[in-house]
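Bear in mind that the values in this text are calculations on the coordinates, not laboratory data. Just so it is clear, the model here is predicted, and its values are computed rather than measured. Using ideal geometry, Cβ is built from the backbone for each residue, glycine included, and neighbour counts are taken over all protein chains shown.
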Amino acid sequence: MPFHVKHAETDALARELARLRRSGLTEAVHFALAKAVAEEKAKEPLAAIALAFCRELAALDAGGR
């Protein structure tokens, strides 16, 4: 399945990563995308961050009464 990069800087980054990793372009792009997806999945969901923040605020408020 073809995938064409039409952005010059993106093409240059992919080629640089391939050169640094001593791999082909497909492998370099796959590596970069897999790493980015894993990093995004590892992030704590915004709802969980907001809930923790609200709990901390509630605890501060309860302690200040």
- Message: Quick check: net charge around ARG21, other residues with Cβ under 15 Å of its Cβ, Lys/Arg +1 and Asp/Glu -1?
- Response: +2
- Note on the structure: Relative to the chain, whose Cα atoms define the longest principal axis, helix 46-63 and its Cα axis are tilted in degrees, nearest 10, by 20 degrees
- Query: Counting other C-beta atoms within 10 Å, which of VAL37, VAL5, VAL29 has the fewest, and how do the rest follow?
  - Reply: VAL37, VAL5, VAL29
- the chain: D in µm²/s via Stokes-Einstein (Kirkwood Rh, Cα pairs, 20 °C, 1.002 mPa s)? 140 µm²/s
- Query: Taking Cα atoms, how many degrees apart are the long axis of helix 8-21 and the longest axis of the chain, rounded to 10 and kept between 0 and 90?
  - Reply: 80 degrees
- Note on the structure: About its Cα centre, region 8-63 carries a charge dipole, from +1 on Lys and Arg Cβ atoms and -1 on Asp and Glu Cβ atoms, whose size in debye to the nearest 20 is 320 debye
